[in-house]
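Structure first, commentary second.
The values are calculated or read from the model by the stated rules, or taken from the named source; none is laboratory data. It should be emphasised that the depicted structure is a prediction, and the values quoted were computed from it without experimental measurement. Counting neighbours? That spans all protein chains shown, and the Cβs are built from the backbone with ideal geometry, glycine included. These area figures cover heavy atoms from the full protein model, side chains too; ligands, DNA and RNA do not enter into them. Shrake-Rupley method; radii C 1.70, N 1.55, O 1.52, S 1.80 Å.
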Amino acid sequence: MRGGSRLLAGVLVAAWAAVYLVTQVLVAPPLGVLPTLASGLVVSTVVVLGYPSALRGPRGGSLGGATGRSWRPARRPQDPRGVRDGLTIAAAGRSMPLRNGLTPDAARRTAQLIRPLLGGDAIAITDTEQVLAFVGPGSDHHHVGGTLQTRVSRLALGKKRTVVVHARDGIGCPEPGCPLRTAVVAPLAVADRVVGTLKVYRVHDEPAPRVLVDDMASMLSLHLELAEMDRERHLASDAKLDALRAQINPHFLFNILNTIASKSRTDPEESRELLLRLSDFFRYAVRQDGHFAEFSQEYFFVRTYVSLEQARFGDRLRVRYDLDPQVLTSRVPVLVIQPIVENAVKHGIADSVTGGTVHLRARVDPLTRTTSIRVSDDGAGMAPEVLDRLLAGQRPGDTDPRHSGVGLWNISQRLDSLFGDRYSFDVASTPGKGTTVDLRIPLR
């Protein structure tokens, strides 16, 4: 303990002694315990705050007052090369081309990017069968697209761990004039599956730092895992979109064709118009590319569907539209609004003798950057147990074919794939009063 600290401790002891003397000896009657402790704490606080001790650090930029020397924190020794490499690798990792998958183009750009970071003369990236990229000395015979030539590559793939080679013979290149003398080969993995290798070669006898190569291989593997997750998510979204396309009810088609056939005798012109609308309906449903389209296109699709159903139901089906003009240019998932409207017509209005009304409302909120869509009807509604199963993510159609809810279920699952937790999809229904579906998605 330094001398300043000892002095401060002595002053505190003397202060408490003075407090005791005043509150317990000189004052009659003596003060209670709480007033005594409060007085002691006040005096102690004043002493500590007013004393330039080690508890507060030096004052006025000097240490000890008399020496006049400036005080600065001691600098810890660092490894500039290691810090620089770590920061550079971390910065490069944010925009790694392999984030798009293990392709020749992504591998080439990645090899060019990481070559100066790993201290290698040549960098190679392979899959399990061929060379995807090779940058540096030896590229004249380590051809991109060729099969794996070096024994060390097959060894790293087989053992699923990093292999370090300190001599040219260990590389196992069949080319006699190959300039590569040392190598560090690390496997690239997606989950527990090895999908390729990262190879760092040097033309002299000291191999590249294994730690740096391992760290870079781990980073590349992470990007490959993310790319694989993206691919699986897109495949899942495509499958759900195909399911929605396949879900177009054949009874709807047969009913519309019967309606067209019956009108062909009484009103041939209207029959021709209905055929054109039906062709527009199926052309949009089958040929729409991608997962998103402008709301105006989906709105046209809904209007086409409604016009076909109104030809069948007549005045029993009434549809009201309440749209914010700004929503027409926003992008929404394709084949989402029409199945919700169809669900309202099929399960809410179709079985009612007097029919009913379907409302479609859409708004854009620029503050929260969301698009909100509501489809409501005043039809039959759903039983609470059916709605509970639907909201729980189950398929009510397994137990109740009439209120299958598969369309809503598929929509919910597809929105999960597209937006994760950045959307809301709520269904409220009362038997005999109707159903309301509220959808809120990020603005695109």
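Which pairs have Cβ atoms under 9 Å, sit 6 or more apart or on different chains, and link a residue in the stretch 122-143 that is under 14 Å from Pro174 (Cα atoms) to one that is open to solvent by 10 Å² or more (accessible area, probe 1.4 Å) and of a type in the set (Phe, Trp, Tyr)?
Note: pairs meeting the criteria are His142/Phe134; His143/Phe134.
Can we say Glu269 is assigned to a helix (DSSP H, G or I) and at pLDDT below 80?
Judged against the criteria, Glu269 is not a match.
Restricting attention to the stretch 216-227, does a residue exist that is surrounded by fewer than 20 Cβ atoms within 10 Å (Cβ to Cβ), touching an Asp or Glu at 6+ places or on another chain (Cβ under 8 Å) and among the hydrophobic types (A, V, I, L, M, F, W, C)?
Within the stretch 216-227, none of the residues are surrounded by fewer than 20 Cβ atoms within 10 Å (Cβ to Cβ), touching an Asp or Glu at 6+ places or on another chain (Cβ under 8 Å) and among the hydrophobic types (A, V, I, L, M, F, W, C).
Please find, within the stretch 301-327, the residue that is most open to solvent (accessible area, probe 1.4 Å) out of those that are in a helix (DSSP H, G or I) and under 19 Å from Pro442 (Cβ atoms).
Filtering the stretch 301-327 for residues that are in a helix (DSSP H, G or I) and under 19 Å from Pro442 (Cβ atoms), the one most open to solvent (accessible area, probe 1.4 Å) comes out as Gln326.
Restricting attention to the stretch 161-173, which residues are within 40 Å of the chain's Cα centre (by Cα) and either open to solvent by 20 Å² or more (accessible area, probe 1.4 Å) or hydroxyl-bearing (Ser, Thr, Tyr) (or both)?
Arg161, Thr162, Val164
Can you name the condition, by its number, that Glu298 falls short on among (1) out of contact with any Asp or Glu (no Cβ under 7 Å at 6 or more places or on another chain); (2) touching a residue at least 60 places away in the same chain (Cβ under 8 Å); (3) in a helix (DSSP H, G or I)?
Evaluating Glu298 over (1) out of contact with any Asp or Glu (no Cβ under 7 Å at 6 or more places or on another chain); (2) touching a residue at least 60 places away in the same chain (Cβ under 8 Å); (3) in a helix (DSSP H, G or I) leaves (2) as the failure.
Could you tell me whether the stretch 39-55 includes any residue that is more than 59 Å from the chain's Cα centre (by Cα) and modelled with pLDDT of 50 or more?
no
From (1) within 23 Å of Ala383 (Cβ to Cβ); (2) open to solvent by 10 Å² or more (accessible area, probe 1.4 Å); (3) modelled with pLDDT of 90 or more, pick out the condition that doesn't hold for Pro339.
Pro339 satisfies all of (1) within 23 Å of Ala383 (Cβ to Cβ); (2) open to solvent by 10 Å² or more (accessible area, probe 1.4 Å); (3) modelled with pLDDT of 90 or more except (3).
Output the residues belonging to the stretch 174-206 that are open to solvent by less than 20 Å² (accessible area, probe 1.4 Å) and assigned to a loop (DSSP other than H, G, I, E, B).
Cys178, Leu180
Here is a yes/no grid of residues against (1) within 13 Å of Leu408 (Cα to Cα); (2) under 27 Å from the mean Cα position of the chain (by Cα):
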| position | (1), (2) |
| --- | --- |
| Thr329 | no, yes |
| Ile337 | yes, yes |
| Ile340 | yes, yes |
| Ala344 | yes, no |
| Gly348 | no, no |
| Val353 | no, no |
| Arg361 | no, no |
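If you go through the stretch 363-383, how many residues are more than 36 Å from the chain's Cα centre (by Cα) and open to solvent by 20 Å² or more (accessible area, probe 1.4 Å)?
Qualifying residue count for the region: 2.
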